[in-house]
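Okay, so here's the structure we're looking at.
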Amino acid sequence: MAVHEAERHAMTRALELAARGPRGANPQVGAVILSPEGEILAEGWHHGAGTPHAEVDALSKLHGDAAGGATAVVTLEPCNHTGRTGPCAVALIDAGISRVIYALDDPGAASGGGAERLRGAGVEVEAGEQADDARSLISDWLTAQRLGRPHVTVKWAQSLDGRAAAADGSSQWITGPDARADVHRRRAGADAIIVGTGTVLADDPALTARDGDALYEHQPIPVVIGARETPADAALRRHPNESVFYATRDLHSVIADLHDRGIQTAFVEGGPTLASAFIAAGLADRVLAYVAPVLLGGDRLALTDIGVPSIDAARRLTVEQWVPLGADMLAIARFQEDNE
Ligand code: AOF
Ligand code: ZN
C-alpha cells in the first residue's frame, strides 16, 4: 500500500508540529488527522512529559465520530503502553481511525508494539515515511534511549604538551578566541554542563553559553559534582537556569538522575579529575580536545588517572574531525570501543 501525496504533506506538517514541543524526557512528536479525502481535520503535538501524546492531542480537537474512517499521520509509532497517559494505539482504534502512517518505530521497550496492536484491530499501518527527518529531529532522544543515559561529551583545552594549567594553576587562556567561541556554540547545544566543585572554586565559571556578550537562547543546566560547598556569590548562582548539585562521587548515579530529569546530552567541562573519572567509568562518549600551540610543562595534565596501567589498555579513539580554530586545533573524537 503506497503513501499518498496528501499523507506525505501531512507528515511534513506533523514534523513541523513535533518541533514545537520541548526537548526533554519524552520525544518531540507531531500528529495530523486526515479525512478520507485528504483534508486536514486536526493537528496535535506532544507538549512534554506528563502531558497527552500527540495523537491524543489531535483527537481531542475532534468531536463525535469525526475521526471515523480517517487517517492518522504521526512522526513516531503510536505507543502501546499506559504510562503517564493511556496507549495511543487504543485511542486511535477507539476513535475509528482506519489508517495510520508513521515515520519511526518507537524504540522504547515498554511503549513499542503500537503498530502490531493497530494491525491486530484491522487498521492499515505504513511505517517509515520521512523517517530520516523524524530521526534527525529526535536524534539526541534516540541516542539517550539507546544508551539508557545521556550522551556525554568530555571537553578540555590543553597545551601542545598536554597540560591544562600552568604550575600555579592558572589556565585562562590557553586557547585563543576562536576556540573559546567554538566551545560556547557547542555548549548551547547541550542540555547540561557538568563541572566539579574544584573547578567552581578555582575558576568561578559562569557556565553560560555566550556569543560575545550575548547569551545564546538555549542555556545548558549547570551541574556541580563534589562534596565542597559552592559559595553563595559564585558566578553560576547567576546562571539563568538553576544548578543541580550532587555531593556523591558515584558518576553512574549522577548520570542516571540526569537521565530521569530529561537530560539527553551532557558536556563535562572541568577539570582534569572529573574528566578522567568520566572516562575511567566508561561514561564518556565523545572527546573535544582543544589543543593550543603553547608549552606549559609541569604536572598539571589535561587528564589524570583514567585506569590505563599499560599501553595494551590505552583508550583508543577515532577522530571524527580535526577542526582548525585560529592558531588552535580541535580534535572531535569518539571511543573506538563503543558503536555510536
Ligand atoms: C506516542 N505519542 O506523542 C509520544 C510518545 O511517559 P509517557 O506515558 O508520556 O510515555 C512516554 C513514552 O511514550 C516515550 O518514552 C516514547 O516511547 C513514547 N512517546 N508516543 O505515541 C507521543 N511522545
Ligand atoms: Zn502515546
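The values are calculated or read from the model by the stated rules, or taken from the named source; none is laboratory data. What you see is a predicted model; the values in this text were computed from it and never measured. Don't worry about glycine lacking a Cβ; one is built from the backbone with ideal geometry, like all the others, and counts go over all protein chains shown.
Here are a few things to note about the model shown:
- The strands (runs of 3 or more DSSP E) found entirely in segment 233-305 that carry 3 or more residues being in contact (Cβ under 8 Å) with a residue 60 or more places away in the chain and touching a strand residue (DSSP E or B) at 6+ places or on another chain (Cβ under 8 Å) are 265-270, 286-292.
- Tally, over segment 46-60, of residues that are away from ligand 2 (no atom under 11 Å from the Cβ), surrounded by fewer than 23 Cβ atoms within 10 Å (Cβ to Cβ) and at pLDDT 95 or above: 2
- Given (1) surrounded by fewer than 24 Cβ atoms within 10 Å (Cβ to Cβ); (2) closer than 26 Å to ASP191 by Cα; (3) out of contact with any strand residue (DSSP E or B) (no Cβ under 6 Å at 6 or more places or on another chain), index of the condition GLY21 fails: (3)
- Here ALA289, ALA313 are screened, and the one residue that is at pLDDT below 95, among the hydrophobic types (A, V, I, L, M, F, W, C) and within 24 Å of ALA164 (Cβ to Cβ) is ALA313.
- Subset of segment 49-64 [of a type outside the set (Gly, Ala, Ser) and in contact with a Gly (Cβ under 6 Å, 6 or more places away or on another chain)]: ASP57
- Matching residues, segment 48-58, being over 13 Å from ARG84 (Cα atoms) and more than 6 Å from ligand 1 (Cβ to nearest atom): ASP57, ALA58
- Count of segment 67-90 residues which are within 13 Å of VAL123 (Cα to Cα), near ligand 2 (Cβ under 9 Å from one of its atoms) and either surrounded by fewer than 24 Cβ atoms within 10 Å (Cβ to Cβ) or under 22 Å from the mean Cα position of the chain (by Cα) (or both): 1
- Residue match in segment 147-170 (condition: assigned to a helix (DSSP H, G or I) and within 20 Å of ARG261 (Cβ to Cβ)): yes
- Among the residues of segment 20-34, the one identified as within 11 Å of ligand 1 (Cβ to nearest atom), among the hydrophobic types (A, V, I, L, M, F, W, C) and farther than 15 Å from CYS88 by Cβ is ALA25.
- So SER139, is it away from ligand 2 (no atom under 14 Å from the Cβ), hydroxyl-bearing (Ser, Thr, Tyr) and modelled with pLDDT under 95: yes
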